[in-house]
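Presented below is the structure to which this report refers.
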Amino acid sequence: MNLLAIETATEACSVALLCHGEVRSRFEIAPRRHTELVLPWCEALLAEAGIAKSQLDAIAVGRGPGAFTGVRLAVALVQGMALALERPVLPVSTLAVLAQGAQAAPGSRVLAAIDARMGEVYLGAFAVDGEGRVAALGDEVLCAPAQPPQFEGQWLARGTGFAAVEGALCAALSGRLDAVDAGALPRADDLLALAAAAFARGEAIAPDLLEPAYLRDKVALSLAEQRAARG
């Protein structure tokens, strides 16, 4: 199985390649440099593995939620590559990728949160299955960090959402979090772990069906709405 994975939904830029069971990856916290880095990294990983793009079985992508620009970039690049190569795509939740990075024991539960700016966070809850992969426990949400959904039991916490608004999400979930990694960012090698399993289950889709997951419908108020808000 040969899979290429691209994850650019946050300030981290990450690309990974699974080729005949071996994983190669690139990762850098590089705000505003995603466009500059992604394609050269893809070419470098393919060259290191000694395969051509035409030998890929599918391309995986972190579909968001996250920064609008980063999500759009990854989706557009993967869609374009997959269409040109006539290969299917494997969209994976960026929050699931973040949760997968916990490398938690089977039976663990992980809350993944990304700082959505504007005083909000993207939040998802996941359980770790017997093979060490995460599965969603419900819908992902956009919420104020001080007012998250109710969560019972104990959780591992990962992601920049736990540092947002002076750690309001941690405070709101006080007593429910066994460990917190508020600096964690999604990585393409964790995306590969989830995408490979999805590919084996036959869940790859045609590239023209690929859609981003924004959760927030609107990034900013229009100029007219801003003027109205100011009175």
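In the chain, the longest principal axis of the Cα atoms and the axis of helix 188-200 are about 70 degrees apart. Angle between the Cα long axis of helix 68-85 and the longest principal axis of the chain, 0 to 90 degrees, nearest 10? Tilt of helix 68-85: around 20 degrees. Loop-located chymotrypsin sites (Phe, Trp or Tyr not before Pro) in the range 95-161 (DSSP state other than H, G, I, E, B) with a sparse environment of at most 15 neighbouring Cβ atoms within 10 Å are absent.
Along the chain, counting only GluC sites (Glu not before Pro) with a DSSP assignment other than H, G, I, E or B and at most 12 other Cβ atoms inside a 10 Å radius, the longest segment between sites is 1-85. In order along the range 88-93, phi translates into HN-Hα couplings of x, 10, 10, x, 10, 4 Hz, rounded to whole numbers, per the Karplus curve 6.51 cos²θ - 1.76 cosθ + 1.60 with θ = phi - 60° and x for Gly and Pro. The range 3-42 and the range 137-161 have their alpha-carbon centroids 27 Å apart.
Solvent exposure of the chain, expressed per residue, is 46 Å² of accessible area, with all protein chains present and a 1.4 angstrom probe. With helices as the sole contributors, the chain gives -9500 deg cm²/dmol at 222 nm; each DSSP H run of n ≥ 4 counts as -39500 (n - 2.57), and the sum is divided by every residue. What are the trypsin sites (Lys or Arg not before Pro) within the range 145-214 that DSSP puts in a loop, where the Cβ has at most 10 other Cβ atoms within 10 Å? Here the trypsin sites (Lys or Arg not before Pro) that fit, given the DSSP loop and packing criteria, are Arg201.
Multiply the residue separation of Leu37 and Ala52 by 0.36 nm, subtract the distance between their alpha-carbon atoms, and state the gained length in nm to one decimal. Don't jump to the answer; show the numbers that get you there.
Working: separation 15, 0.36 × 15 = 5.40 nm, distance 1.89 nm.
Going from the current span to full extension adds 3.5 nm.
Extension gain for the segment Glu131 to Gln150, taken as residue separation times 0.36 nm less the Cα-Cα distance, is 4.1 nm to one decimal. Is the shape of the chain rounded, prolate or oblate, going by the alpha carbon gyration tensor and its root eigenvalues a ≥ b ≥ c, with a/c under 1.5 for rounded and a/b larger than b/c for prolate? Oblate. Between Ala30 and Met118, the simple spin-label model (points 7 angstrom out along Cα→Cβ) gives 2.8 nm.
What does the charge count around Leu46 come to, taking other residues whose C-beta lies under 14 Å from its C-beta (Lys +1, Arg +1, Asp -1, Glu -1)? Around Leu46, the surrounding residues sum to 0.
Counted over the chain, the DSSP beta bridges are approximately 65% antiparallel. How much net charge surrounds His20 when only the other residues with a Cβ under 15 Å from the Cβ of His20 are counted, with Lys and Arg +1 and Asp and Glu -1? It works out to a net charge of -2. Accessible surface of the chain, 1.4 Å probe: 51 percent of it comes from carbon and sulfur atoms. Between Leu142 and Leu177, 0.36 nm times their residue separation minus their Cα-Cα distance comes to what? Using 0.36 nm per residue and subtracting the Cα-Cα distance, I get 10.6 nm.
The values are calculated or read from the model by the stated rules, or taken from the named source; none is laboratory data. Not measured: the values here are computed from a predicted model. Methodologically, a virtual Cβ is constructed for each residue, glycine included, from the backbone with ideal geometry; neighbour enumeration extends over all protein chains shown. The area values use the complete protein model at the heavy-atom level, side chains included, leaving out ligands, DNA and RNA. Shrake-Rupley method; radii C 1.70, N 1.55, O 1.52, S 1.80 Å.
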